[in-house]
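Just below is one structure, and these are the notes that go with it.
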Amino acid sequence: MSGIYQFDTIASYNELNNHETLHPLVSVIDFNNAKPRSWGGHTSIKINYGFYAIFIKDVKCGDLKYGCNYYDYQEGTLVFVAPGQVMDIETDGQVYQPKGHALVFHADLIHGTPLANIMHDYHFFGYQTNEALHLSERERQVILDCFSKINFELQQSIDKHSKKLICANIELLLNYCVRFYDRQFITRDNVNKGILEKFEMVLNNYFNSDKPYETGLPSVSYCADELHLSANYFGDLIKKETGKTAKEYIQTKIIDVAKNKMYNPNSNITEIAYELGFKYPQHFTRMFKNETGYTPTEFRALN
């Protein structure tokens with residue numbers, strides 16, 4: 001049995017969690033003060049948020065699907081949601097007490113601030129819940145301290161400094177999250193190397209199939225789907241591991257496959273372009289020259 005809930009305003013979400021609305025565009029919530037809830041007895045819940053939300057959850061509560069067995073840090077879990085995204089929650093349908101904290105803020109809060117110009121750089125708002133940030137106890141305390149600073153500002157009378165200080169502290173929080181995700185990528189090094197091997201296998205299988213003819217060149221989103229990762233998380237992981245973007249990695253693979261095909265004297269450049277998934281051979285020629293410094297014809301002559 002499932003249910004769908006929509007929260008478009010900070011006030012409506014505060015009401016759900018028995019929390020006073022101190023500011024119409026931002027709130028720091030302590031879920032321990034929320035009333036026990038059961039979501040109407042539903043066992044599968046979908047919540048659509050109309051604002052940004054950062055949840056620091058007690059992993060023992062078991063109300064979100066985190067995939068904790070795949071992570072090294074288990075003391076706390078940080079999950080990010082952007083406006084319009086839907087979060088899946090699983091329950092047993094019984095009444096339970098929410099645990100943890102959350103920072104929720106509307107996009108209108110950051111309009112006209114430096115933070116608005118860089119929000120797109122925080123890719124983790126596009127991660128799936130099973131790619132959540134798992135915190136050590138010290139990291140968890142840093143996050144809670146940031147929450148506390150924001151909450152301190154909310155307790156003051158709103159003045160000309162409020163927006164600037166609140167947004168600055170949100171930016172500080174997000175920058176700490178970037179650092180902690182970098183740590184998580186490193187501590188999960190063996191898992192990440194497994195992803196790289198699987199990525200290579202996905203590309204090999206792609207070029208050994210009819211997919212280039214059917215769908216064209218392999219995309220980042222296709223490879224991420226094959227590896228059961230969100231495109232943002234996959235892209236960040238590949239960048240950390242290889243120094244290349246996932247798109248650059250795919251382009252390098254395309255050139256490697258093309259070079260092997262060019263050693264076959266019975267295939268012409270146009271055929272190779274179509275075999276790789278290019279819609280127009282001239283696009284293949286342009287990419288090949290950008291990557292190697294030679295046109296396909298020049299490369300074949302040299303080799």
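The values are calculated or read from the model by the stated rules, or taken from the named source; none is laboratory data. These numbers were taken from a predicted model, which means no experiment stands behind them. Note that we place each Cβ from the backbone using ideal geometry, even for glycine, and neighbour counts take in every protein chain shown.
Cβ contacts < 6 Å: first residue in the same structural domain as LEU203 (by TED's automatic domain parsing) and surrounded by 13 or more Cβ atoms within 10 Å (Cβ to Cβ), restricted to region 274-287; second residue small (Gly, Ala, Ser) and not in a helix (DSSP H, G or I), any location; separation 6+ or different chain. Result?
GLY277/GLY216
Quick one: in region 4-52, which of the residues that are touching a residue at least 60 places away in the same chain (Cβ under 8 Å) and assigned to a strand (DSSP E or B) is farthest from LEU109 (Cα to Cα)?
ARG37
Output the helices (runs of 4 or more DSSP H) that fall wholly within region 190-303 and possess 1 or more residues being among the acidic types (Asp, Glu) and closer than 30 Å to ASN130 by Cβ, or say none.
211-215, 220-226, 231-242, 246-262
Could you run through region 94-149 and say how many residues are modelled with pLDDT under 90 and aromatic (Phe, Trp, Tyr)?
Summing the residues that are modelled with pLDDT under 90 and aromatic (Phe, Trp, Tyr) in region 94-149 gives 1.
Just the residues that are without any contact (Cβ under 8 Å) to a residue 60 or more places away in the chain and farther than 20 Å from ILE170 by Cα, please, taken from region 90-141.
Answer for region 90-141, where residues must be without any contact (Cβ under 8 Å) to a residue 60 or more places away in the chain and farther than 20 Å from ILE170 by Cα: GLU90, THR91, ASP92, GLN94, VAL95.
Starting from region 233-261, keep only residues that are over 20 Å from TYR127 (Cα atoms), then list their pairs with residues that are assigned to a helix (DSSP H, G or I) and among the charged types (D, E, K, R) whose Cβ atoms are within a distance under 8 Å, requiring at least 6 positions of separation or different chains.
Matching pairs, first to second residue: GLN251/GLU291; THR252/GLU291; LYS253/GLU200; ILE255/GLU291; LYS261/GLU275.
Condition first: closer than 22 Å to LYS149 by Cβ and touching a strand residue (DSSP E or B) at 6+ places or on another chain (Cβ under 7 Å). Can you find one or more residues in region 35-49 that meet it?
So in region 35-49, the residues closer than 22 Å to LYS149 by Cβ come out as none.
Checking region 35-49: not a single residue is closer than 22 Å to LYS149 by Cβ and touching a strand residue (DSSP E or B) at 6+ places or on another chain (Cβ under 7 Å).
Of (1) within 18 Å of the chain's Cα centre (by Cα); (2) assigned to a helix (DSSP H, G or I), ILE143 satisfies all except one. Which?
Status for ILE143: all satisfied but (1).
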